[in-house]
1. Picking from ASN213, ASN255, ASN235, which residue would you name as being open to solvent by 50 Å² or more (accessible area, probe 1.4 Å), free of Cβ contacts under 8 Å to residues at least 24 places away in the same chain and within 21 Å of LEU288 (Cα to Cα)?
2. For ASN293, are the conditions met, namely being under 22 Å from LEU475 (Cβ atoms) and buried (at least 22 other Cβ atoms within 10 Å of the Cβ)?
3. Being outside any helix (DSSP H, G or I) and not small (Gly, Ala, Ser) is the filter; apply it to the stretch 150-159 and report the residue that is surrounded by the most Cβ atoms within 10 Å (Cβ to Cβ).
4. With at pLDDT 85 or above and either out of contact with any Leu (no Cβ under 9 Å at 6 or more places or on another chain) or assigned to a loop (DSSP other than H, G, I, E, B) (or both) as the only criterion, which of LEU335, LEU288, LEU309, LEU323 stands out?
5. Going through the stretch 392-401 one residue at a time, which ones are open to solvent by 40 Å² or more (accessible area, probe 1.4 Å) and over 20 Å from GLN169 (Cβ atoms)?
6. Give all pairs with beta carbons closer than 6 Å in which a residue from the stretch 169-180 that is farther than 18 Å from TYR123 by Cα and part of a helix (DSSP H, G or I) meets a residue that is open to solvent by less than 60 Å² (accessible area, probe 1.4 Å) and among the hydrophobic types (A, V, I, L, M, F, W, C); count only pairs at least 6 apart in sequence or on separate chains.
7. Identify all residues within the stretch 117-156 that are in contact with a Leu (Cβ under 7 Å, 6 or more places away or on another chain) and more than 24 Å from ASN88 (Cα to Cα); write none if there are none.
Amino acid sequence: MKKLFFIAMLLTWGMALFPQSQNSSSESDLIATYTKQAVDFYNAQDYDTAISYYEKALRIYQETVGENHADTALVYNNIGTIYCAKENYDTALIYYEKSLKISETVLDKQHPYLCATYQNIGYVYLAYEDYDTSLAYYEKALSVALSAFGEIHIETATCYDYISIIYAQLGDYENSLAYCKKEVAIKELLLKDTLELCQSYDALIGLCTYFGNWDTALEYELKNLKIREKVLGKNNIDIAIRYFSIAKIYYSKANYDKALEYAEAAVKISEESSEEKNNNSPDFYHLLGTIYNAKGDYTKALKYEEKSLEEESGSYAYTTIGLIYSNIGDYDKALLYYENALLKARETVEDSSAIVASIYNNIGVVYVDMGKLNEALEYFEKASTIFIKNYGELHSDTALNYNNIGFIYFKKKSYETALHYYKKALSIFEQLFGDSHVHIATTNNNIGLLYDEMGDYDSALLYYKKALTICENILGEKHFDTAQTLNHIGSVYQKQNDSINAIYYWKKSQQGLSLSHYDKSIELFSSQLFSRIPDPAFTRETLTLATDMVERARLDLASLKDDILRQGSLCHGVKLPDPCAALIQLRFGFRKLLAQTCNLALLLEHQLIHIRSAQLFELFLRHNACSLFLSALALLRSRMCSLRSISSFSRAFTASSYVL
């Protein structure tokens, strides 16, 4: 928390703002001497000596001008300020209130000095965590500042700053953001190219991030970086931290290439820095690992998470490694690393900590992927209890957990219970973020899926379209989440026998499909093709896109295989758990790709398109002589396998383990 104590006012305001006290020349000289010594000792953090000199000045004022005088009030204020610096808030408040009582009697109600006194008392109540009382005093200070100084003044900006802080403490982030924007607007005019302006940018960026307003957060973070580079130069840890923050914003926008660019720049400065070993390197490596995990490059993700662990980053690296193994289908290892994350977390926090709850939540997700819904529900409910205890109902982590619990009941086909949890989550998100946030889009999409499954297509469309509006506004039309929502809408229209709208939304969805999500993209193509829309042109176009995606994914995986063989069992020089994580990634990637290819091959047969379905498998045979592939090829060429046998084959292949 920032601290502004106004101690300099004794020197700068004493002559300008108050009636002149009738002291003799010798008394005035003595007061000036005591005051200077008090300020010097205060700056040297010798607070007791500073107080003793102010008390000497106070006695002279009391003897010459009396208790009820502005000069006496000013000394009371500054003694209170020193007690505040000592964090002796009870004594500080006594002196501040003495100062205020005198000032309100002898000074005009809009006198500038009252702005300082109101702020100082407001600060004490802020330290007490009595936010309502603190807010009342800062609002009085703001009223005086606007009257005495006007809008464009540093004291007015300071009032806006603290009011923003208080609203944030009260959980009213909308008002906090509004006052923070006012503060920044003033400081941009008065404090150009200063680190003090950068501190205000930091607060605004934090609030924009809370609301998921990534574009505004990025705008101010780039301004922040420009000033700091100008003032501090480009090669210091502070600049690395700014790169780190920018990388996190790009990561949140799902722009992983830009996130990687800034994260690598942060790591480069950190590694080359001549400063003593800083505490940020583990976080920088952890972010790199997180980005590579999101990009699907699990080998590099593990490399950087291992480096993060080497430099001690707490439970977070273990958590991300658990997520990586979960993503590549090695659920036992994922659970092992989550257990390690729990052990690490418990070294510093209680079991009732939100950190522990987050790990419980991740364990629950693994059990969902394993199909163990009861175990998943147990962990989600344990996490929910802790989140509510720590944050209450009105918190994003509580709402996210309700979403997870709702999903379990959805999978169990307990639709009413699922809807209950989804709507609780939605209500919390809307209270926190308004009507436009990615969490709101996700929850609307979940509710749409639920109504879709129940056959209530009108309600499904209502919620899908709410999700779509948010996705398009925040993530853009070419983001995969937007594509999935468009696909859901198209599917509902298809179920309503509205082929025109179905094809319209499906074509739009195809714009957001990419190689970075090849398995889900191919699955989405397959779902559209299985719909049997009576439009040969659409079918042929979609099959072309799907088969192209298969070939591009195969080439990408083949390249990864070649890279692994060149590097040997030590992936990029990093010792990884046995078996090699890169080989696990490759094997898992081929499993997913072949499972989706089975569906496409069947579609080629089913749609009577004049392309031999076996050709898709022949693509793999160029690089992989595997008996399972050969068996699949023989089955398809025999043209005797039914839909059931193909589906069974896909499931068997996905569950099998084979050697490349």
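The values are calculated or read from the model by the stated rules, or taken from the named source; none is laboratory data. If you're wondering where the values come from, they're calculated on a predicted model, not measured in any experiment. Reconstructed Cβ throughout: ideal geometry from the backbone, glycine too, with neighbour counts over all protein chains shown. These accessible areas exclude ligands, DNA and RNA; they are computed on the full protein's heavy atoms, side chains included. Shrake-Rupley method; radii C 1.70, N 1.55, O 1.52, S 1.80 Å.
1. The unique qualifying residue is ASN255.
2. Here the answer is yes, as ASN293 does meet what is asked.
3. Step by step, filter the stretch 150-159, then rank; the result is HIS153.
4. Of the residues listed, the single one that is at pLDDT 85 or above and either out of contact with any Leu (no Cβ under 9 Å at 6 or more places or on another chain) or assigned to a loop (DSSP other than H, G, I, E, B) (or both) is LEU335.
5. Once the filter is applied, which keeps residues that are open to solvent by 40 Å² or more (accessible area, probe 1.4 Å) and over 20 Å from GLN169 (Cβ atoms), the stretch 392-401 yields only LEU400.
6. LEU177/LEU207
7. Correct list: VAL144, ILE152, ILE154, THR156.
This table checks each residue for (1) within 39 Å of the chain's Cα centre (by Cα); (2) open to solvent by 40 Å² or more (accessible area, probe 1.4 Å); (3) on the phi < 0 side of the Ramachandran plot.
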{"site": "SER99", "(1), (2), (3)": "no, no, yes"}
{"site": "LYS109", "(1), (2), (3)": "no, yes, yes"}
{"site": "TYR138", "(1), (2), (3)": "yes, no, yes"}
{"site": "ALA148", "(1), (2), (3)": "no, yes, yes"}
